[in-house]
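What follows is a single structure, written as structure tokens, with notes after it.
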Amino acid sequence: MAATVIDGKAFAATVRAKVAGHVARLKEEHGITPGLAVVLVGEDPASQVYVRSKGKQTVEVGMKSVEHKLDASTSEADLLALIDQLNNDPEIHGILVQLPLPKHLDEDLVINSINPAKDVDGFHISNVGLLSTGQKSMVPCTPLGCLMMLRDHHGSLSGMDAVVIGRSNIVGKPMAQLLLGDSCTVTIAHSRTKNIEEVVRRADIVVAAVGRPEMVPGDWMKPGATVIDVGINRIERDGKNKLVGDVDFASASEVAGAITPVPGGVGPMTIACLLANTVTACARANGLPEPEGLTA
Ligand code: NDP
């Protein structure tokens with residue numbers, strides 16, 4: 001039986017519409033415009049595309065968008081000074097430093113210099129700690145998007161067996177924390193996991209965040225499982241460039257109950273969740289109720 005395809009593009013549009021509604025209310029009722037600052041250091045082409053797309057969508061939902069484009073040779077002191085300025089700017093509620101940074105800059109130092117309340121990427125060590133202890137935090141955008149899609153599809157996730165493949169700080173680990181927070185029984189698999197097929201086959205929910213094209217085939221899946229494919233891999237097939245996930249969509253969609261496609265699954269949710277985090281940060285900064293359905 002063919003799986004239900006979870007349409008991340010359509011779902012992201014509903015998240016952006018919710019964000020736009022909250023932004024309009026913040027403006028009308030409180031005279032506040034949420035503001036997002038994105039800092040890009042250097043000329044990385046993929047980063048430039050992401051930053052443009054973030055800026056465009058920020059404006060589309062009615063928020064203020066500020067972009068700081070710095071030269072690749074910017075010193076750490078100058079970057080930290082800019083972050084300090086944004087930390088103290090009352091019109092800026094979210095700060096995102098586009099990664100990766102040029103090699104001479106210490107990523108951890110830079111990320112941990114962002115005010116945690118404005119850390120809309122959720123990478124600051126304080127937010128990592130708050131998430132892992134089940135406290136209110138800023139949640140990394142990609143795992144938040146995955147969680148929203150899972151909740152939308154299943155309602156409650158309580159008691160489900162979940163396997164997250166990948167243990168990175170930006171996807172795998174926070175994803176596992178979020179699933180644990182929703183009372184799943186969570187296994188994290190990685191490159192050293194033994195008998196990974198058997199581990200995956202136990203799962204009601206599979207989140208693949210590996211970065212290996214089509215690594216996870218359908219015959220690793222429990223029939224009816226829900227599969228969230230985070231991977232974005234560029235490959236060449238039949239002489240054409242193609243984007244594929246970490247899951248082999250063709251075989252997996254024969255076995256799974258529901259599956260996200262690549263492209264059009266997790267990808268569009270990531271920026272939508274960045275906007276959701278910014279409006280949440282703005283509400284918190286002003287002591288206002290948090291927007292419903294946009295946080296973990
Ligand atoms: P990382 O490279 O940081 O982490 C990859 C993880 O996969 C590691 O934990 C690694 O294990 C594990 N892994 C590697 N090979 C295997 C294997 N053979 N079996 C099991 N596990 C393996 O990647 P990210 O987490 O940053 O990204 C993962 C994917 O998600 C990429 O394709 C990336 O492009 C995509 N992505 C998509 C986003 C979106 O918006 N949709 C956002 C962010 C990422 P180990 O730790 O043992 O090395």
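One table, with the values for the structure above:
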| read-out | value |
| --- | --- |
| The chain: C-alpha pair distances exceeding 33 Å, % | 24 percent |
| Simple Cβ-charge dipole of the chain, Lys/Arg +1 and Asp/Glu -1, about Cα centre, in debye nearest 20 | 380 debye |
| Fraction of antiparallel bridges per DSSP, the chain only, in percent to nearest 5 | 15 percent |
| Residue-averaged 222 nm ellipticity for the chain, from DSSP H runs of 4+ at -39500 (n - 2.57), nearest 500 | -12500 deg cm²/dmol |
| Proportion of all alpha-carbon pairs of segment 66-109 beyond 14 Å (%) | 49 percent |
| Estimated distance in nm for a label pair at residue 103 and residue 192, the labels positioned 7 Å out from Cα along Cα-to-Cβ | 2.7 nm |
| Cα centroid separation, segment 203-219 to segment 277-296 (Å) | 32 Å |
| Over segment 141-268 - Rg/Rh using Cα atoms and the Kirkwood inverse-distance radius | 0.94 |
| Cα convex hull volume per residue for segment 216-267 (Å³) | 68 Å³ |
| Which of 179, 134, 270, positive extreme of dipole for the chain (C-beta unit charges) | 179 |
| Additional length obtainable on full extension of the chain from residue 17 to residue 72, 0.36 nm per residue less Cα span | 16.3 nm |
| Electrostatic dipole magnitude of segment 141-268 [Cβ: Lys, Arg +1; Asp, Glu -1; Cα centre; debye, to 20] | 380 debye |
| Segment 30-117 - convex hull of the alpha-carbon atoms, volume per residue in Å³ | 82 Å³ |
| DSSP H segments from the chain that extend 27 Å or more along their own axis, Cα-based, with Kyte-Doolittle mean of -0.5 or above | 8-30, 266-285 |
| By average C-beta atoms within 10 angstrom, highest first, the peptides 246-255, 3-12 | 246-255, 3-12 |
| Sulfur and carbon atoms: percent of accessible area, the chain [1.4 Å] | 51 percent |
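The values are calculated or read from the model by the stated rules, or taken from the named source; none is laboratory data. These numbers were taken from a predicted model, which means no experiment stands behind them. Every residue, glycine as well, gets a Cβ built from its backbone with ideal geometry; the counts of neighbours run over all protein chains shown. Calculation scope for accessible area: heavy atoms of the full protein, side chains included, ligands and nucleic acids excluded. Shrake-Rupley method; radii C 1.70, N 1.55, O 1.52, S 1.80 Å.
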